[in-house]
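The values are calculated or read from the model by the stated rules, or taken from the named source; none is laboratory data. Because the structure is a prediction, the values reported are computed rather than measured. Ideal geometry is used to build each Cβ from the backbone, glycine not excepted, and the neighbour counts take in all protein chains shown.
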């Protein structure tokens with residue numbers, strides 16, 4: 001067995017697209033805002049994870065959003081919109097789909113907070129909430145589309161994992177003029193089914209992703225070791 005296949009996946013943390021510059025210390029104001037935002041996101045994530053009935057979930061979200069300056073009307077609109085579309089924990093699913101569900105908790109929490117902030121800013125400027133919601137619904141549909149794409153990719157990862165009886169899988173991309181830099185960099189590399197790469201599972205990197213999971217490539221490096229520099233360069 002190679003050293004790569006025995007190394008703990010936990011030693012490969014998810015990397016950010018553009019790391020915070022370590023040479024610049026955040027100010028007290030930005031540090032306080034970041035702490036408050038993190039606390040709000042944690043509260044929203046906890047509420048979603050509890051899987052309570054819609055009315056109870058929405059009520060809890062309204063309370064949390066109200067604490068950060070979101071009006072009851074705006075908070076209720078966002079809470080019912082976002083909480084209604086969230087799927088309960090897939091207890092009988094494979095490891096990849098369960099991992100994606102955990103990640104989606106954070107994505108949905110972030111969406112709820114940002115949507116509430118967008119709507120509140122519009123209301124504060126005098127725009128009718130109903131008009132703002134029509135625009136927000138388009139954003140929410142894109143959010144749901146990305147969620148469905150991630151879940152489909154995770155289901156396929158679980159299928160190949162079961163087929164190959166291995167948690168270590170390979171990444172196969174379609175190489176042509178339409179291939180994105182990240183997908184091209186990931187091609188021929190490996191990843192662990194239980195630990196989604198920073199760019200996502202094959203098939204979910206972007207809306208038109210044609211990548212797919214395959215049997216692991218012998219001796220190939222892990223996807224994150226190759227694609228993280230690509231993400232940083234593209235974000236710069």
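Among the residues of segment 202-229, those that are closer than 19 Å to residue 167 by Cα, in contact (Cβ under 8 Å) with a residue 60 or more places away in the chain and surrounded by fewer than 16 Cβ atoms within 10 Å (Cβ to Cβ) comprise 218, 219, 221, 225. Look through 96, 115, 109, 153 and report the one residue that is within 19 Å of the chain's Cα centre (by Cα), buried (at least 20 other Cβ atoms within 10 Å of the Cβ), in the same structural domain as residue 72 (by TED's automatic domain parsing) and without any contact (Cβ under 8 Å) to a residue 40 or more places away in the chain. Just one listed residue meets the conditions, 115.
So that you can scan it fast, the table gives a plain yes or no per residue for (1) surrounded by fewer than 17 Cβ atoms within 10 Å (Cβ to Cβ); (2) part of a loop (DSSP other than H, G, I, E, B); (3) modelled with pLDDT of 90 or more; (4) under 16 Å from the mean Cα position of the chain (by Cα):
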site: 20; (1), (2), (3), (4): yes, yes, no, no
site: 25; (1), (2), (3), (4): yes, yes, no, no
site: 40; (1), (2), (3), (4): no, no, yes, no
site: 87; (1), (2), (3), (4): yes, yes, no, yes
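Scanning segment 166-201 for residues that are over 14 Å from the mean Cα position of the chain (by Cα) and within 18 Å of residue 104 (Cβ to Cβ), we see that the one that is surrounded by the fewest Cβ atoms within 10 Å (Cβ to Cβ) is 194. A search for C-beta distances below 7 Å between a residue of segment 179-192 that is in the same structural domain as residue 99 (by TED's automatic domain parsing) and any residue that is modelled with pLDDT of 95 or more, counting only pairs 6+ apart in sequence or on different chains, returns nothing.
Check whether at least one residue in segment 128-144 is in contact with a helix residue (DSSP H, G or I) (Cβ under 9 Å, 6 or more places away or on another chain) and under 14 Å from residue 96 (Cβ atoms), and report yes or no. No - not one qualifying residue is present in segment 128-144.
Residues checked against (1) within 22 Å of residue 193 (Cα to Cα); (2) in contact with a strand residue (DSSP E or B) (Cβ under 7 Å, 6 or more places away or on another chain); (3) surrounded by fewer than 16 Cβ atoms within 10 Å (Cβ to Cβ):
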position	(1), (2), (3)
73	no, no, yes
142	no, no, yes
148	yes, no, yes
157	yes, yes, no
